[in-house]
Amino acid sequence: MSATATTMTRAGGAADSLSHGRRRVAWLLLSPSVAVLALWAFVPLIMTLVYSFQRYNLLYPERRGFVGFRSYAYLLSESSFWTAIVNTIILVVAVLVASIVLGVLFALLLNQNFKGRAVARLMVIAPFFVLPPVAALIWKNLLFDPLYGLIGWLLKLVGLPAVAWFTHFPMIALIVIVAWEWAPFATLILLTALQSLDPEQLEAARMDGAKSVNRVIYIVLPHLARPIAITIMMESIFLLSIFAEILTTTAGGPGEATTTLTYLIYIRALLDFDIGSASAAGVLAIILANIVAFFLMRAVARNLES
Amino acid sequence: MREQRASLPGAVIAWVVAFLMFFPILWMLVTSFKTEAQAIANPPLIIFRPVLESFAAALSQSGYILFAENSIIVSLVSTALAIAIAFPAAYSMAFQPGRRTQDMLVWMLSTKMLPPVGVLVPIYIICRDTGLLDTRTALVIVDMLMNLPIVVWMLFSFFRDIPKDILEAAHMDGAGPRRQMIYLLLPLASPGIASAALLAIILSWNEAFWSINLTASHAGTLAAYIARYSAPEGLFWAKLSAASVLAVAPILIFGSLAQRRLVRGLTAGAVK
């Protein structure tokens, strides 16, 4: 399979010799995808931008009008906005750290050769395939519930009081749920990367008497650096958009304790119908995501070249 | 390439970790076979006589069947559409690449980076104004667009592995692009198409953001159903667990079949 792989450069060289007619057909075949994606990428984006400069509430559509940067100025002066930004950063960073640390650990464990390893691997990866609202509700009811939940019961067994997680530690509870969903993703990617590591290199290091801790630090981790970077970037894009988990567990509360930027926009747009404010926040969310995406796309482009 | 056997503690730790990660799913499964009273028993019941009562209750719940049907239709139709649009594009880029092909691919992938919440407002308003709110059509279109870049990318990378000469020979024999695609590429690349489809189905089945925000009682998928179910019926744990098991099971099975392909698709091949 690999011997016949047509590399981009070889194909690119041949491209110039394609006849004019074939070029046109090639473009014609490509155009439906390009057209719908262009519509999808630009039209809503421009609409969000336009709305963000308007006073526009769906409850009072007659009072619509251009207000310049007022929505932005107002948003930036609100404590709710900054709380949402801080909550977003806490959630994203905490889940990233947890999922990468656990992902490396799980990948190393699952990369060993032991009985039933395929089954164990499936068990670790399974949470990633669970519907987000289901994941949230399993934890909220069956595990975290202070009266009937399993964790409360376990705490009682060792003589500790039950904890009302979503009242007293809502962000921690949320982080646990989201990390449980995303650690498998990191594991899956890192495990795939580990399997391309040359076992002879590790064997040689072992023969030379390198301790297993040192083998991990000096051989395995450097090999994982790039996959880890890619995992971090991909996860940040998804984590910025975490929504169903918040909706089904805390609805952003108590107070604003778990209101992230995504959830704030949802509240503004679909509960308050304040289109102007929601759009201004939307533009800021897009800018935030673009900063991450910039680095991710650079990594992907580099991969295309190699 | 003989692999080193794991030490006993290494294997034990791996199994403990696997059990802990899987436990919440297992516990949901166990709870779904309990009665409501057993589900909230304290201390928790581990040994009990399993009953199917909660599954029956979940299935007879108003709307469950409709929402399940919506999930199936939306994920299958959006995937079929995505493949139909992506297939010629991937063919064109893989076999007749131009100077701009690579930029085009990167641009397509970059549309995935737009956070859904950034365009929630306009999409909601467009759907409202065109009467598409709470319709399957809206979800099919949105899911298709969300998955299209990934599908194009996956098909492209599979097509790249197919010998160019085969198609070139067909071209010399006078076969046009349509015949090349239908009679050569379709059978040759069917495993690749299948895994791209599988990934798209998984992603759109599990898509919750648009489903919750664009639908109400008619076109909601299971993701929206479970999310709404939670509020009034939060305490019917056994029934909720049974409904959840039914909602999660197909994707768990699909997902386990497609693990490796998933990495390739989701990371755009940057991790092999």
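Pick from A:L122, A:L91, A:L142: which is open to solvent by 30 Å² or more (accessible area, probe 1.4 Å) and either at negative phi or within 14 Å of chain B (Cβ to nearest Cβ) (or both)?
On the way: A:L91 fails: open to solvent by 30 Å² or more (accessible area, probe 1.4 Å); A:L142 fails: open to solvent by 30 Å² or more (accessible area, probe 1.4 Å).
Unique residue meeting the criteria: A:L122.
Look through A:R268, A:R302 and report the one residue that is over 19 Å from the mean Cα position of the chain (by Cα), more than 26 Å from A:S77 (Cβ to Cβ) and not small (G, A, S).
Working: A:R268 fails: more than 26 Å from A:S77 (Cβ to Cβ).
The unique qualifying residue is A:R302.
When the residues of segment A:163-195 are narrowed to those that are more than 10 Å from chain B (Cβ to nearest Cβ) and among the small types (G, A, S), which ends up surrounded by the most Cβ atoms within 10 Å (Cβ to Cβ)?
A:A186
Restricting attention to segment B:146-174, and to residues there that are more than 11 Å from chain A (Cβ to nearest Cβ) and out of contact with any helix residue (DSSP H, G or I) (no Cβ under 6 Å at 6 or more places or on another chain), which single residue is surrounded by the most Cβ atoms within 10 Å (Cβ to Cβ)?
My answer is B:A169.
How about segment B:187-197: which of its residues are open to solvent by 40 Å² or more (accessible area, probe 1.4 Å) and either in contact (Cβ under 8 Å) with a residue 40 or more places away in the chain or charged (D, E, K, R) (or both)? It would help to see each step written out before you state the result.
The initial filter retains those residues of segment B:187-197 that are open to solvent by 40 Å² or more (accessible area, probe 1.4 Å), namely B:187-188, B:190-191, B:194.
Across segment B:187-197, there are no qualifying residues.
Name the single residue that is modelled with the lowest pLDDT among those in segment B:125-145 being within 10 Å of another protein chain (Cβ to nearest Cβ) and open to solvent by less than 40 Å² (accessible area, probe 1.4 Å).
Keep residues of segment B:125-145 that are within 10 Å of another protein chain (Cβ to nearest Cβ), which gives B:125-126, B:128, B:141-142, B:144-145.
Next, from what is left, pick out any that are open to solvent by less than 40 Å² (accessible area, probe 1.4 Å): B:125, B:142, B:144-145.
Details: B:I125: 88, B:V142: 93, B:M144: 94, B:L145: 92.
Step by step, filter segment B:125-145, then rank; the result is B:I125.
Residue by residue, here is whether (1) over 20 Å from A:A26 (Cα atoms); (2) in contact (Cβ under 8 Å) with a residue 60 or more places away in the chain; (3) facing another protein chain (nearest Cβ under 8 Å); (4) of a type in the set (S, T, Y) holds:
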| site | (1), (2), (3), (4) |
| --- | --- |
| B:E69 | yes, no, no, no |
| B:F87 | no, yes, no, no |
| B:L105 | no, no, yes, no |
| B:P115 | yes, no, yes, no |
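For segment B:1-67, which fully contained helices (runs of 4 or more DSSP H) count at least 1 residues that are among the hydroxyl-bearing types (S, T, Y), open to solvent by 60 Å² or more (accessible area, probe 1.4 Å) and modelled with pLDDT of 80 or more?
On the way: elements: B:8-32, B:36-39, B:53-60.
Qualifying helices (runs of 4 or more DSSP H): B:53-60.
Can you find a residue in segment B:103-110 that is more than 24 Å from the chain's Cα centre (by Cα), in the same structural domain as B:W237 (by TED's automatic domain parsing) and modelled with pLDDT of 80 or more? It would help to see each step written out before you state the result.
Of all residues in segment B:103-110, those more than 24 Å from the chain's Cα centre (by Cα) come to B:103-104.
Pick out the ones that are also in the same structural domain as B:W237 (by TED's automatic domain parsing) and you get B:103-104.
Okay, now just the ones that are also modelled with pLDDT of 80 or more, so B:103-104.
Yes, segment B:103-110 has at least one match.
Here are the criteria: (1) open to solvent by 30 Å² or more (accessible area, probe 1.4 Å); (2) in contact with a His (Cβ under 6 Å, 6 or more places away or on another chain). Tell me which single one A:E203 does not satisfy.
Of (1) open to solvent by 30 Å² or more (accessible area, probe 1.4 Å); (2) in contact with a His (Cβ under 6 Å, 6 or more places away or on another chain), only one is false for A:E203: (2).
With the condition being within 30 Å of A:I287 (Cα to Cα), I'd like the helices (runs of 4 or more DSSP H) fully within segment B:113-214 carrying at least 1 qualifying residues. Working first, answer last.
Numbers: elements: B:120-129, B:136-160, B:164-172, B:190-205, B:209-214.
Filter on segment B:113-214 gives B:120-129, B:136-160, B:190-205, B:209-214.
Just to be sure, is A:A73 within 13 Å of chain B (Cβ to nearest Cβ) and either open to solvent by less than 80 Å² (accessible area, probe 1.4 Å) or at pLDDT 80 or above (or both)? Before the answer, list the steps.
Working: within 13 Å of chain B (Cβ to nearest Cβ): no; either open to solvent by less than 80 Å² (accessible area, probe 1.4 Å) or at pLDDT 80 or above (or both): yes.
For A:A73, the condition - within 13 Å of chain B (Cβ to nearest Cβ) and either open to solvent by less than 80 Å² (accessible area, probe 1.4 Å) or at pLDDT 80 or above (or both) - is not met.
So A:P254 passes all but one of these: (1) more than 10 Å from chain B (Cβ to nearest Cβ); (2) farther than 23 Å from A:I46 by Cα; (3) surrounded by 17 or more Cβ atoms within 10 Å (Cβ to Cβ). Which condition number does it fail?
The single condition A:P254 does not satisfy is (3).
The values are calculated or read from the model by the stated rules, or taken from the named source; none is laboratory data. All values reported here derive from a predicted model rather than from experimental measurement. So basically every Cβ, Gly included, is an ideal-geometry build from the backbone, and we count neighbours across all protein chains shown. Side chains included, ligands, DNA and RNA excluded: accessible areas come from the protein's heavy atoms. Shrake-Rupley method; radii C 1.70, N 1.55, O 1.52, S 1.80 Å.
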